[in-house]
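Visitor: First, the structure itself, so that you have it in front of you.
Where a number appears in this text, it was derived from the coordinates with a stated rule and is not lab data. Just so it is clear, the model here is predicted, and its values are computed rather than measured. Here Cβ is always computed from backbone atoms with ideal geometry, including for glycine, and neighbour counts include all displayed protein chains.
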2 protein chains.
Amino acid sequence: MGPEEFRAAGHELIDWIADYRARIPQLPVQAQVGPGEVAGKLPGRAPEEAEPFGRVLADLESVVVPGVTQIQHPGFFGWFPSNASLGSVLGDLAASGLGALGITWQSAPALTEVEEVVAEWLRELARLPASWKGVIQDGASSGCLVALLAARERATGYGEARGGLQAESAPLTVYTTQHAHSSVPKAAVLAGYGQDNLRFVDVDPVTYAMRPDALASALEADVAAGRRPAAVVASVGTTGTTAVDPVAQIVPLARQYRMWVHVDAAMAGSALLLPEMRWLADGVEGADSLAWNPHKWLGTVLDCSLLYVADPDHLVRVMSTSPSYLRSAVDGQVTQYKDWGIPLGRRFRALKLWFHLRLDGAEVIRARLRRDLANARWLAEQVSSTPGWRVLAPVNLQTVVLRHEPAGVVSGTGAVLDADALNAHTLSWVDSVNASGAALITPSLLEGTWSVRVSIGAEPTERRDVEKLWSLLQQAAGSLGT
Amino acid sequence: MGPEEFRAAGHELIDWIADYRARIPQLPVQAQVGPGEVAGKLPGRAPEEAEPFGRVLADLESVVVPGVTQIQHPGFFGWFPSNASLGSVLGDLAASGLGALGITWQSAPALTEVEEVVAEWLRELARLPASWKGVIQDGASSGCLVALLAARERATGYGEARGGLQAESAPLTVYTTQHAHSSVPKAAVLAGYGQDNLRFVDVDPVTYAMRPDALASALEADVAAGRRPAAVVASVGTTGTTAVDPVAQIVPLARQYRMWVHVDAAMAGSALLLPEMRWLADGVEGADSLAWNPHKWLGTVLDCSLLYVADPDHLVRVMSTSPSYLRSAVDGQVTQYKDWGIPLGRRFRALKLWFHLRLDGAEVIRARLRRDLANARWLAEQVSSTPGWRVLAPVNLQTVVLRHEPAGVVSGTGAVLDADALNAHTLSWVDSVNASGAALITPSLLEGTWSVRVSIGAEPTERRDVEKLWSLLQQAAGSLGT
């Protein structure tokens with residue numbers, strides 16, 4: 001495809017996207033297909049001859065759109081927001097159009113330096129420590145893995161350059177809670193620590209946050225048993241309930257054992273743009289690394305995750321390679337992001353963040369975040385003040401964890417009389433909400449019983465959409481369960 | 001930014017990209033900026049207010065374009081091709097516009113199923129084993145890391161679920177060559193094996209390919225010393241010289257020790273579209289995994305790397321997590337790509353591959369690959385038949401490794417009389433070629449002495465561009481060195 005064909009097709013696609021975004025509210029939120037249905041509509045082999053653009057665009061419309069859950073829908077309250085702001089879409093298009101290749105600084109100086117600048121912009125907006133440096137990764141899963149690899153190498157004195165983890169005599173241990181994101185235990189086992197050396201520290205029964213006293217006891221017991229604490233992963237905003245582990249109390253304990261502190265703020269990082277929310281990050285200046293996904297609530301289109309580190313030199317020592325074909329005269333004067341993570345070849349991801357921040361501006365983004373926080377507080381108030389309904393966890397951010405607890409299944413004092421019936425009721429009314437196409441919410445196990453996460457924060461979601469959702473929840477739960 | 005502002009700005013950006021692609025041949029290939037120059041042009045803080053699109057576009061033109069090396073230039077012969085075909089750029093724009101979120105199948109069934117379909121299309125085009133299944137990763141570095149993690153867990157019987165690599169008594173060893181890509185040793189140390197347990201098997205002095213007899217000896221010695229061979233990474237098309245390790249001879253040895261065989265065909269995978277090049281993959285049906293980057297020579301815009309595995313169940317067992325908020329009624333009937341790699345949240349990368357293959361068609365792609373192979377053979381012939389010039393490695397693909405060896409520095413029989421002088425000469429004329437802006441080539445150490453890699457295969461590079469390059473090389477080397 002040459003530039004002129006691209007121009008014509010590109011204009012068509014831009015119009016298609018603008019129209020699509022405008023009509024999303026009319027689409028069902030949840031994907032409307034069963035397993036294999038999309039694949040069944042596609043030919044089994046690649047085309048030998050070029051197809052006209054119109055045919056591809058028609059398939060985008062008829063095959064792909066019904067086959068995706070509409071994350072950009074005002075009725076999307078599932079998982080966490082994953083906003084794809086249109087300014088960032090343009091930035092990502094610019095990156096593709098340029099076709100730049102980030103391997104070394106030399107291969108694309110602007111790719112490196114715009115990334116340094118936007119990472120610094122976001123650090124400053126969130127008031128993270130001034131000495132920290134950031135790098136864009138694909139997601140917080142990779143960020144956590146990179147952090148736990150860096151932690152491992154600090155604990156072993158760069159054992160990777162010798163016998164690796166295989167040569168260590170006393171096992172290294174990692175600490176987090178059961179409420180940490182699934183990527184945390186995954187990172188720990190992929191980094192080689194082993195499930196047996198991963199400690200799930202007890203949480204507070206009301207806030208679901210890590211208990212520092214329980215962490216202290218676990219550390220003492222492990223050290224007494226000859227193990228070596230290597231890292232603690234503190235969640236600032238867990239996926240289940242947006243619980244906030246007390247970083248300020250975790251840091252001194254970690255320091256005592258020379259442990260790495262990684263802060264998983266994948267979702268909550270965006271809230272740090274608001275001065276009134278900076279309590280979330282209390283104590284973070286004592287941490288070693290923090291992951292934050294602008295591709296969630298902030299709204300930079302996937303994939304765009306920031307990993308900040310306090311000591312980039314250590315990270316580079318763990319991650320660097322220097323084959324002759326990648327050396328240049330400026331090595332040492334520039335940042336080589338290939339040595340800040342796993343991939344060598346990197347996309348110009350900074351452009352989407354740069355476009356997004358410039359085309360929206362920080363004030364507009366802050367106003368939207370505040371709108372979502374207020375909507376969550378409003379919903380929580382409705383739920384709390386309605387008989388038979390309960391908010392199950394502190395509403396620290398924009399997610400409300402709730403349950404409808406009908407009389408007969410739950411007693412007047414809140415005791416669960418029949419757990420199976422309550423679970424069946426919850427899953428049933430959630431299914432009916434999701435099947436309606438008007439909204440999407442996520443069931444989630446909380447302390448062994450199904451709860452419902454209503455995660456507010458899709459870019460187009462206004463108060464009226466939350467009001468509609470609340471009616472829908474009551475209707476679905478009421479008509480089925482009482 | 002709303003849909004209508006996006007529409008207007010999007011049309012401007014599409015026109016800008018079409019114009020930019022058309023004028024790339026007039027731009028200098030190598031980025032024209034020094035360290036810090038791009039960053040110095042950007043404000044230190046994010047804007048509080050939205051900026052007009054025109055200002056952002058103006059910066060794209062004046063700050064970013066001079067700050068990137070023009071990988072899409074007909075004079076780009078550096079590293080390896082990293083083509084960003086305009087059809088794939090449209091596919092990637094569609095992905096951003098949709099704003100879909102790949103976490104589970106449920107979150108975007110089409111994201112999963114289009115990925116399965118295009119991975120199968122490419123498998124079939126390359127005639128890889130019919131039972132293999134593919135997944136899109138960000139790059140071959142991640143692919144290799146995932147493979148070496150899978151290898152580790154096979155060797156330890158899923159030790160990750162117990163004490164991890166820390167609980168193993170006899171060290172696991174990994175085998176590759178010094179010519180393997182830098183991501184291979186990086187993956188081995190990140191996976192925890194340790195540098196001491198990574199073996200660089202001797203290569204053939206002419207082909208630079210792994211010597212199976214040397215592998216056999218290394219395996220015997222390690223087993224005799226109580227070590228446990230876990231994986232071998234065979235390179236099909238090394239970065240330095242496009243050497244091809246003999247997979248067909250490596251596989252039986254690996255099988256004898258129950259080792260994992262990972263094939264790094266990041267660059268060469270694309271050549272498998274050509275029946276006459278399928279000898280590259282001889283024996284690959286006995287391997288366990290293979291990484292191939294469509295974002296290189298094939299031309300699907302970064303980042304798009306395929307990892308094929310023979311046993312997806314094993315990979316899933318190593319990588320899977322199943323938190324309650326990601327469970328659904330269809331688990332078990334569908335592919336959950338979150339369990340095929342490190343990241344949870346995944347972009348709809350399959351769309352760019354789907355658009356690319358449909359908008360170009362396989363025949364056009366094959367013709368371009370054949371053009372590049374013929375151009376490399378042509379250049380190698382010119383070099384070989386010109387006194388003072390030498391081709392230093394077999395031209396297996398589209399890369400010619402060459403050197404100008406002036407009399408007095410190299411004897412008539414090819415012996416290097418003064419290695420320092422030869423290195424200085426090589427680096428000097430390469431610098432002058434690159435500084436000219438007309439072409440970019442990469443110096444690379446070959447057996448301790450600097451050589452020059454001319455990697456042909458940018459999408460717009462025609463024979464006349466290679467002819468111009470050959471004149472330029474002779475002029476640069478001749479005027480400086482003789």
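Visitor: Could you tell me the largest-minus-smallest coordinate of the C-alpha atoms of segment A:371-454 on each of the three principal axes, in descending order and whole angstroms?
Guide: Projected onto its principal axes, the Cα set of segment A:371-454 covers 38, 29, 22 Å.
Visitor: Follow-up question, since we're still on this one. Can you give me the Rg/Rh ratio for the protein assembly as shown, using Cα atoms for both radii and the Kirkwood formula for Rh?
Guide: Rg/Rh: 0.97.
Visitor: Right, next: Can you give me the three principal axis dimensions of segment A:155-288 from its C-alpha atoms, in Å, biggest first?
Guide: Computed over the Cα atoms, the extents are 47, 29, 25 Å.
Visitor: Next up: Tell me, what are the semi-axes, in whole angstrom and largest first, of the equivalent ellipsoid of segment B:360-409 as set by the roots of 5 times the Cα gyration tensor eigenvalues?
Guide: 30, 9, 6
Visitor: Let me ask you something else. Please rank B:THR300, B:THR176, fewest neighbouring Cβ atoms within 10 Å first, as an exposure proxy.
Guide: Least crowded to most crowded, the residues run B:THR176, B:THR300.
Visitor: Let me ask something else. What is the distance in Å between the Cα centres of segment B:435-463 and segment A:140-210?
Guide: 42
Visitor: For segment B:323-438, compute Rh as the Kirkwood radius over C-alpha pairs and then the Stokes-Einstein diffusion coefficient at 25 °C and 0.890 mPa s; write the answer in µm²/s, rounded to an integer.
Guide: 125
Visitor: Tally Lys/Arg at +1 and Asp/Glu at -1 over every other residue whose Cβ is under 12 Å from the Cβ of B:LEU446; what's the total?
Guide: +2
Visitor: Which number comes out as Rg/Rh for segment A:141-226 once both Rg and the Kirkwood Rh are worked out on C-alpha atoms?
Guide: For segment A:141-226, the value is 0.99.
Visitor: In addition: Please work out the Cα center distance from segment B:76-134 to segment B:51-65, rounded to the nearest Å.
Guide: Taking the Cα centre of segment B:51-65 as reference, the centre of segment B:76-134 is 30 Å away.
Visitor: Could you give the size of the charge dipole of segment A:289-366 about its Cα centre, using +1 on the Cβ of each K and R and -1 on the Cβ of each D and E, expressed in debye and rounded to the nearest 20?
Guide: Value, rounded to 20: 240 debye.
Visitor: Size of the dipole of chain A about the Cα centre, Lys and Arg at +1 and Asp and Glu at -1 on the beta carbon, nothing else charged, in debye to 20?
Guide: 500
Visitor: Rounded to the nearest 5, what % of the DSSP beta bridges within chain B are antiparallel ones?
Guide: Restricted to chain B, the bridges split so that about 60 percent are antiparallel.
Visitor: Would you mind ranking B:ASP222, A:ASP288, A:ASP138, A:ASP213 so that the residue whose beta carbon has the fewest other beta carbons within 10 Å leads the list?
Guide: Going from least to most buried by this count: A:ASP213, B:ASP222, A:ASP288, A:ASP138.
Visitor: Same structure, new question: Net charge near B:PRO129, counting Lys/Arg +1 and Asp/Glu -1 over other residues with Cβ under 13 Å of its Cβ?
Guide: Cβ neighbours under 13 Å give a net charge of -2.
Visitor: May I pose another question? When the Cα atoms of chain A are enclosed in a convex hull and the volume is divided per residue, what value in Å³ results?
Guide: Residue-normalised Cα hull volume stands at 176 Å³.
Visitor: Next question, about the same structure. What average count of beta carbons from other chains do you get within 10 Å of the Cβ of residues in A:190-203?
Guide: 5
Visitor: For the residues A:THR69, A:THR156, what sequence is obtained by ranking on other C-beta atoms within 10 Å, fewest first?
Guide: A:THR156, A:THR69
Visitor: On the first, second and third principal axes, largest extent first, how far apart are the outermost C-alpha atoms of segment A:230-298 in Å?
Guide: Here the Cα extents, ordered largest to smallest, are 35, 21, 19 Å.
Visitor: Starting with the highest mean, order A:329-338, B:351-360, B:114-123, A:99-108 by the number of other Cβ atoms within 10 Å, averaged over the residues of each peptide.
Guide: B:351-360, A:99-108, B:114-123, A:329-338
Visitor: What residue among A:SER451, A:ALA230, A:LEU440 has its Cα farthest toward the positive end of the dipole of the protein assembly as shown, where the charges are +1 on Lys, Arg and -1 on Asp, Glu, each on the Cβ?
Guide: A:ALA230
Visitor: Hey, what number do you get for chain A at 222 nm if only DSSP H runs of n ≥ 4 count, each worth -39500 (n - 2.57), divided across all residues, to the nearest 500?
Guide: Taking each H run of at least 4 residues, the total per residue is -12500 deg cm²/dmol.
Visitor: What size of dipole, in debye to the nearest 20, comes out for the protein assembly as shown about its Cα centre when the only charges are +1 on Lys and Arg C-beta atoms and -1 on Asp and Glu C-beta atoms?
Guide: 500
Visitor: Roughly how crowded by other chains is peptide A:165-171, in terms of the mean Cβ count from those chains within 10 Å of each of its Cβ atoms?
Guide: 6
Visitor: How would you classify segment A:281-356 from its alpha-carbon gyration tensor, with a ≥ b ≥ c the square roots of the eigenvalues: rounded for a/c under 1.5, else prolate if a/b is greater than b/c, otherwise oblate?
Guide: Oblate is the answer for segment A:281-356, as a/c is 1.5 or above yet b/c matches or exceeds a/b.
Visitor: From the gyration tensor of the Cα coordinates in segment A:1-111, what semi-axes in whole Å does the equivalent ellipsoid have, largest first, with each one equal to sqrt(5λ)?
Guide: For segment A:1-111, the ellipsoid semi-axes come out as 27, 22, 16 Å.
Visitor: Here is a follow-up. Distance from the Cα centre of segment B:312-337 to that of segment A:279-330, in angstrom?
Guide: 28
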